[in-house]
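Below is one structure, written out as structure tokens; the observations come after it.
The values are calculated or read from the model by the stated rules, or taken from the named source; none is laboratory data. On a predicted model such as this, the values are computed, not experimentally measured, just so you know. Cβ placement follows ideal geometry from the backbone for every residue including glycine, while neighbour counts extend to all protein chains displayed. Note: areas computed on protein heavy atoms with side chains; ligands, DNA, RNA excluded. Shrake-Rupley method; radii C 1.70, N 1.55, O 1.52, S 1.80 Å.
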Amino acid sequence: MWRRLRSALRRLRGSPAAFLGGGGRLPAAMERAVVRCVPSEPKLSLRFVLPDGSAKHMQRDQAEPLGRALARIATNAAKGHAKAAKKSKKARAEGGPAGEAAAAAPAVRLFSRDGEAVAEEVPNAAAWQDGAVLQIGEARYRVERNPPALTELQLPRSLLAGFPVCPKVSAEFAAPQHCLFRWYREQRPAAGGGAAGDGGPAWVEAAAAERVFTPSNALVGLRLKLRCTPGDGAQRYGPPREVESSGPVEAGPGACTFDSRHLYTKKVCGEGSIRAVSYNILADTYAQTEFSRTVLYPYCAPYALELDYRQNLLKKELAGYSADLICLQEVDKSVFVDSLAPALDAFGLEGLFRIKEKQHEGLATFYRRDKFSLLSQHDIAFSEALLSDPLHKELCDKLAEYPLVQEKVLQRSSVLQVSVLQSTTDPSRKICVANTHLYWHPKGGNIRLIQIAVALSHIKHVTCDLYPSIPVIFCGDFNSTPSSGTYSFINSGGIAEDHEDWVSNGEEERCNMPLSHSFKLLSACGEPAYTNYVGGFHGCLDYIFIDKNALEVEQVIPLPSHEEVTTHQALPSVSHPSDHIALICDLKWK
């Protein structure tokens with residue numbers, strides 16, 4: 001009877017190999033017993049299907065002797081067999097086919113990979129090894145310990161022809177780079193107009209097995225489907241999952257402002273060079289307000305301000321720069337987690353995120369995995385560091401003489417993201433990558449001076465005390481034009497106590513103090529006419545500052561032409577996802 005039931009179950013569920021997406025190592029003659037055992041958790045889980053067809057999911061203490069777990073399995077198997085016998089008896093009474101008589105609890109044993117019986121006193125955590133065989137009566141199960149498994153598979157809500165579709169893939173005991181991907185498109189209805197097959201959509205394989213898929217114009221109007229089989233890089237594969245797009249592929253906007261820039265960045269630059277990008281990507285939390293739609297960006301088509309649309313443009317833009325370092329500002333936390341990190345991961349970049357204090361957006365730094373590894377992070381919130389870090393005590397004491405300004409500085413949510421990276425090919429080469437977004441108000445020059453003084457002191461501590469003599473790349477939206485005190489201070493190394501920016505918000509908020517720093521910093525992309533171009537303002541606010549003692553500029557990727565920027569009056573637009581323009585340069589070690 002058990003053999004007949006197992007045969008029927010196999011027909012219902014498909015063969016184990018099919019269950020594993022064609023890549024598993026499970027012999028066709030055995031069912032699966034899936035064990036999940038993680039050292040940090042007190043229990044392991046065991047899933048299998050009994051010969052009577054009932055699915056079992058057991059939780060057992062990892063330290064428990066194997067014999068107790070096997071006894072529980074035997075009890076469950078006996079109960080299942082008794083139920084089957086009862087049904088059989090009822091069927092016989094009603095004139096149905098005769099069943100088999102109830103049997104005693106089956107013998108349950110666990111055998112190691114080499115065929116030896118595992119002793120019952122062995123703890124569960126050590127007993128249930130990958131490749132072991134569980135025997136329940138005549139039924140045999142191949143133990144799969146911690147097989148690859150997908151925990152999340154999502155497609156973006158908006159799909160545009162010509163723009164990369166990057167799925168969000170989360171897995172346990174697997175890595176996205178080892179998973180198998182197959183993309184499908186809907187089949188267009190026949191000329192007669194009827195739906196294909198039995199009324200459901202018919203799917204046709206659409207592309208090579210790549211993690212990222214860029215739909216062509218021929219797919220406009222069709223939905224996409226992705227089938228993903230999780231893998232661990234050791235030729236083990238778990239059960240596949242499928243996900244269908246919520247809507248069809250839509251037509252893209254045509255030429256974008258970054259298309260011509262991509263001509264300069266088709267390839268990742270060489271081993272001794274670093275391509276750096278700094279970009280304020282316009283947080284959704286600011287783009288999707290009534291004020292933004294009617295006052296800040298009234299010239300921008302409403303659909304082009306929507307997050308899903310802008311993310312399509314942004315992912316294509318960033319991926320096309322083939323960068324080694326990307327520093328982003330105004331990154332919504334959900335955008336980082338659900339969109340940018342999965343997308344850029346597919347292009348070889350690892351992401352770090354630092355949220356602003358009491359905000360929904362913050363900073364993100366991405367680095368190319370095959371060029372750099374992360375040594376340490378040293379992020380700070382300016383207000384907190386100013387109050388609590390002895391490094392800034394002298395500045396804090398000076399600021400206390402100006403209570404109005406002090407209050408404003410401490411109210412700000414601005415943060416500094418600092419990451420120390422090490423070259424994967426030359427461990428002696430380390431670099432400090434800093435990223436910030438300073439206070440935005442046009443009359444806040446004095447606040448920005450305090451913030452940048454804290455930032456440079458902190459970066460000095462990292463590059464002189466913690467990692468002596470490593471060079472710095474300092475990216476960000478500094479909200480400061482080349483004529484400002486902040487830019488002058490960064491560039492020259494000092495600022496006088498009578499600089500006009502100390503009274504940027506009037507006499508009542510005057511705070512006069514000389515400041516200095518010891519870095520020799522250079523704006524790698526110079527002083528462009530503008531990096532921010534909106535209806536009421538255009539100016540240069542963004543910079544990539546480099547340590548000119550250790551790094552030099554190899555090339556600066558040209559900014560879009562004025563005609564490109566103003567095609568739709570200003571930024572953002574249907575062809576540009578932000579109100580800022582990315583800065584991109586190739587640097588090399590001196």
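General observations
- Conditions (1) open to solvent by 40 Å² or more (accessible area, probe 1.4 Å); (2) on the phi < 0 side of the Ramachandran plot; number of the one not met by T265: (1)
- Close contacts from the stretch 236-260, counting a first residue that is under 23 Å from L180 (Cα atoms) and a second that is among the polar types (S, T, N, Q) and open to solvent by less than 70 Å² (accessible area, probe 1.4 Å), with Cβ to Cβ under 8 Å and a gap of 6+ residues or different chains, come to Y237/T229; G238/T229; P239/T229; P240/T229.
- For G162: the one exception among (1) at pLDDT 95 or above; (2) of a type outside the set (D, E); (3) closer than 19 Å to E250 by Cβ; (4) open to solvent by 40 Å² or more (accessible area, probe 1.4 Å): (4)
- As a summary of the residue check, I73 satisfies the conditions (1) modelled with pLDDT of 95 or more; (2) open to solvent by 80 Å² or more (accessible area, probe 1.4 Å) except for the one numbered (2).
- Qualifying residue in the stretch 284-291 (condition: buried (at least 24 other Cβ atoms within 10 Å of the Cβ) and at pLDDT 95 or above): yes
- Looking at L9, L26, L5, L50, just one residue is in contact with a helix residue (DSSP H, G or I) (Cβ under 7 Å, 6 or more places away or on another chain), closer than 15 Å to R140 by Cβ and modelled with pLDDT under 50, and that residue is L26.
- Filter pass, L219 being touching a Phe, Trp or Tyr at 6+ places or on another chain (Cβ under 8 Å), of a type in the set (A, V, I, L, M) and at pLDDT 95 or above: no
- Just one residue in the set S523, S504 is modelled with pLDDT under 95 and within 25 Å of L363 (Cβ to Cβ); that residue is S504.
- Checking each residue in the stretch 317-334 for being crowded, with 23+ Cβ neighbours inside 10 Å and out of contact with any strand residue (DSSP E or B) (no Cβ under 8 Å at 6 or more places or on another chain) picks out only E317.
- The residue pairs whose first member lies in the stretch 493-515 and is within 15 Å of V405 (Cβ to Cβ), whose second member is aromatic (F, W, Y) and not in a helix (DSSP H, G or I), and whose beta carbons are closer than 6 Å, counting only pairs six or more residues apart or on different chains, are C511/Y402.
- Test: residue in the stretch 543-550 that is crowded, with 20+ Cβ neighbours inside 10 Å, hydrophobic (A, V, I, L, M, F, W, C), over 18 Å from A582 (Cβ atoms) and in contact with a helix residue (DSSP H, G or I) (Cβ under 8 Å, 6 or more places away or on another chain): no
- Residue selected from the stretch 537-566 under the condition in contact with a His (Cβ under 9 Å, 6 or more places away or on another chain) and not aliphatic (A, V, I, L, M), by the criterion farthest from V277 (Cα to Cα): E564
- Number of the exception - K225 against (1) assigned to a strand (DSSP E or B); (2) in contact (Cβ under 8 Å) with a residue 60 or more places away in the chain; (3) not β-branched (V, I, T): (2)
Listed here are the residues, each with its yes/no results for (1) in contact (Cβ under 8 Å) with a residue 40 or more places away in the chain; (2) within 23 Å of L374 (Cβ to Cβ).
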position: Q411; (1), (2): no, no
position: Q417; (1), (2): yes, yes
position: S423; (1), (2): yes, yes
position: D426; (1), (2): no, yes
position: V433; (1), (2): yes, yes
position: H437; (1), (2): yes, yes
position: I450; (1), (2): yes, no
position: A453; (1), (2): yes, no
position: G476; (1), (2): yes, yes
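- Sole residue being among the β-branched types (V, I, T), open to solvent by 30 Å² or more (accessible area, probe 1.4 Å) and within 21 Å of S278 (Cα to Cα), chosen from T425, T481: T481
- Whichever residue in the stretch 237-274 is part of a loop (DSSP other than H, G, I, E, B) and touching a Pro at 6+ places or on another chain (Cβ under 6 Å) and, among such residues, is farthest from A149 (Cα to Cα): T257
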